[in-house]
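This report concerns only the one structure given below.
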């Protein structure tokens, strides 16, 4: 939580320090607008996070699905098992 607050503080200081306008454009279209550098940076950060999340989402969903399937399989194997689990006594000190 402290790390997140520090990152937000640094981001706020950066955004307030970079208020001058910069030309924003794409190669074939030329300059589209003049926006503050802080806005351009913030938009790029947000777009990067969104692309990263969308890239990671399918793998995360697959891992969650496999984990749920494994939990169900373990529960069914434990229910079908008639063998009592072996309890291992704690180690004796000095042994």
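The values are calculated or read from the model by the stated rules, or taken from the named source; none is laboratory data. Everything numeric here is computed off the predicted structure, so don't read it as measured data. Here Cβ is always computed from backbone atoms with ideal geometry, including for glycine, and neighbour counts include all displayed protein chains.
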ask   = So is residue 59 assigned to a strand (DSSP E or B) and out of contact with any helix residue (DSSP H, G or I) (no Cβ under 9 Å at 6 or more places or on another chain) or not?
value = no
request  = Go through region 1-23 and give me each residue that's at pLDDT 90 or above, surrounded by 10 or more Cβ atoms within 10 Å (Cβ to Cβ) and touching a helix residue (DSSP H, G or I) at 6+ places or on another chain (Cβ under 7 Å).
outcome  = 22
